[in-house]
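Shown next, in structure tokens, is the structure this report addresses.
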Amino acid sequence: MELLFNTELAKEYKSKAQIARVLSENWVKSNSFCPYCGHDFLNQYENNKPVADFFCPACGRIFELKSQREKISGIINDGAYRTMIERILSNENPDFFFLSYSKEHHSVNNYFVVPKHFFVPEIIIKRKPLSENARRANWIGCNINLNAIPAEGRIYIVKDQTEIPKEQVLHQFSKTAFLGESSIESRGWILDVMRCVNRISVSEFSLNDVYRFEDELQLLHADNHNIRAKIRQQLQKLRDVEYIDFLGNGRYKKRSV
């Protein structure tokens, strides 16, 4: 995998945004494989497709690319809020590639994929409407809160300018596939409990360690009045998909990726 951009492609462009788009899209087209099925290359949509930038010619998976200079921040600007929510709730939601690059060296720093099943409405931040005087008056945009996505949802293909083995990428992607089989509501619960488990500093933990997040989970799920039962249910689901091991007597152990 070549980490350098082909800067020859940007010579005819003046806009910094256009240059970044052309270089990053060309790099993905020239270097990326499908992290879902492992196909060796992706195809780029010829026209600006509203839903995605790339697709896998083998499995049909679709991908949208977000690129930023130097590093990917926790909050990513996106398009219309309503459109994003509709996409999350539909079958047209793409997986997202996030790419950070060095402007000085014209090279890729980090490149990772967030599978679409990690996208739930709760991670989308609604922005304030544009003013009445704006060209798109009252238009409401959104941001993606990457900080709300568990670490398992960031599957690196390039990390700190180092290529990750393809087999490892495919394995990590497949380990999260069970989320795609869940409804949006139940998926939100699983992701919330995964985040809580990740925040426990030791690999072996108790049910009481997870109960410490009860108040926080109650704020996220105000309509639920039996938070502890819901926590136990999600831990059982995570055990069933081999994300954690049940050791008995209310104790669990995190599995390595």
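Quote the charge dipole size of the range 109-185 about the Cα centre in Debye, to the nearest 20; the model charges only the Cβ of Lys and Arg (+1) and of Asp and Glu (-1). If you can, show how the numbers build up before the last one.
On the way: 10 positive and 8 negative charges, 84 e Å.
Rounded to the nearest 20 debye, it is 400 debye.
The distance separating the Cα centre of the range 150-173 from that of the range 73-101 comes to 19 Å.
Rounded to the nearest 20, the Cβ-based charge dipole of the range 112-257 about its Cα centre (Lys and Arg +1, Asp and Glu -1) stands at 260 debye. Diffusion of the chain by Stokes-Einstein, at 10 °C in a medium of 1.306 mPa s and with Rh set to the Kirkwood radius over alpha-carbon pairs, works out to 80 µm²/s. Largest to smallest in accessible area, the residues TYR111, TYR243 fall in the order TYR243, TYR111 (1.4 Å probe, all protein chains included).
Take ILE155: with every protein chain present and a 1.4 Å probe, its accessible area is about 0 Å². Residue by residue, the range 220-237 carries 3J(HN,Hα) couplings of 6, 10, 4, 7, 8, 10, 9, 4, 5, 5, 5, 4, 4, 4, 5, 5, 5, 5 Hz when phi is fed to the Karplus relation 6.51 cos²θ - 1.76 cosθ + 1.60 (θ = phi - 60°); x denotes Gly or Pro.
Taking the Cα centre of the chain as origin, work out the dipole magnitude from +1 charges on Lys and Arg Cβ and -1 charges on Asp and Glu Cβ, in debye rounded to 20.
Numbers: 36 positive and 32 negative charges, 99 e Å.
I would put it at about 480 debye.
Relative contact order, whole percent, for the range 82-209 stands at 22, derived from Cα pairs under 8 Å and 6 or more residues apart.
Report summary: the helix-based calculation at 222 nm, which adds -39500 (n - 2.57) for every DSSP H run with n ≥ 4 and divides by the residues of the chain, gives -9000 deg cm²/dmol.
Heavy-atom accessible surface of LEU23, to the nearest 10 Å², is about 10 Å², with a 1.4 Å probe and all protein chains retained. The angle between the Cα long axis of helix 166-175 and the main principal axis of the chain comes to about 40°, on a 0 to 90 degree scale.
Computed on protein heavy atoms with a 1.4 Å probe, the accessible areas place SER24, SER90 in the order SER90, SER24, largest first. Normalised by the number of residues in the range 1-119, the average gap of Cα pairs under 8 Å and 6 or more apart makes the relative contact order 21 percent.
Taking the charge dipole of the range 4-60 about its Cα centre, with +1 at Lys and Arg Cβ atoms and -1 at Asp and Glu Cβ atoms, the residue from GLN18, ALA52, TYR36 reaching farthest to the positive side is GLN18.
For a test of the definition: using alpha carbon positions, the gyration tensor, and the 1.5 limit on a/c, classify the range 137-213 as rounded, prolate or oblate. Walk me through the numbers before you get to the answer.
Working: a/c = 1.62, a/b = 1.03, b/c = 1.57.
Oblate shape, in that a/c is at least 1.5 and b/c is the bigger or equal ratio.
Is the shape of the range 111-257 rounded, prolate or oblate, going by the alpha carbon gyration tensor and its root eigenvalues a ≥ b ≥ c, with a/c under 1.5 for rounded and a/b larger than b/c for prolate? Oblate.
Which residue, ALA229, ALA20, ALA58, has the most motion in a Gaussian network model of the chain that connects Cα atoms within less than 10 Å? Greatest mean-square fluctuation among the candidates belongs to ALA229. In this structure SER201 has an accessible area near 120 Å², from a 1.4 Å probe over the protein heavy atoms. With a ≥ b ≥ c the root eigenvalues of the C-alpha gyration tensor of the range 50-153, is it rounded (a/c under 1.5), prolate (a/b larger than b/c) or oblate? Oblate, since a/c reaches 1.5 and b/c is not below a/b. The order of GLU8, GLU152 by accessible area, most exposed first and with a 1.4 Å probe, is GLU8, GLU152.
With contacts taken as Cα pairs under 8 Å at a separation of at least 6 residues, the chain carries a relative contact order of 13 percent.
How many percent of DSSP beta bridges within the chain run antiparallel, rounded to 5?
Numbers: 31 of 38 bridges.
Once the DSSP bridges in the chain are tallied, antiparallel ones form about 80 percent.
For the chain, CYS142, CYS196 have no disulfide-compatible partner, since no other Cys C-beta lies under 4.7 Å from theirs.
The values are calculated or read from the model by the stated rules, or taken from the named source; none is laboratory data. Since the structure is predicted, the reported quantities are computational estimates derived from the model, not experimental observations. Positions of Cβ are generated from backbone atoms using ideal geometry, with glycine treated the same way; all protein chains shown enter the neighbour counts. Only protein heavy atoms, including side chains, enter the accessible area calculation; ligands, DNA and RNA are left aside. Shrake-Rupley method; radii C 1.70, N 1.55, O 1.52, S 1.80 Å.
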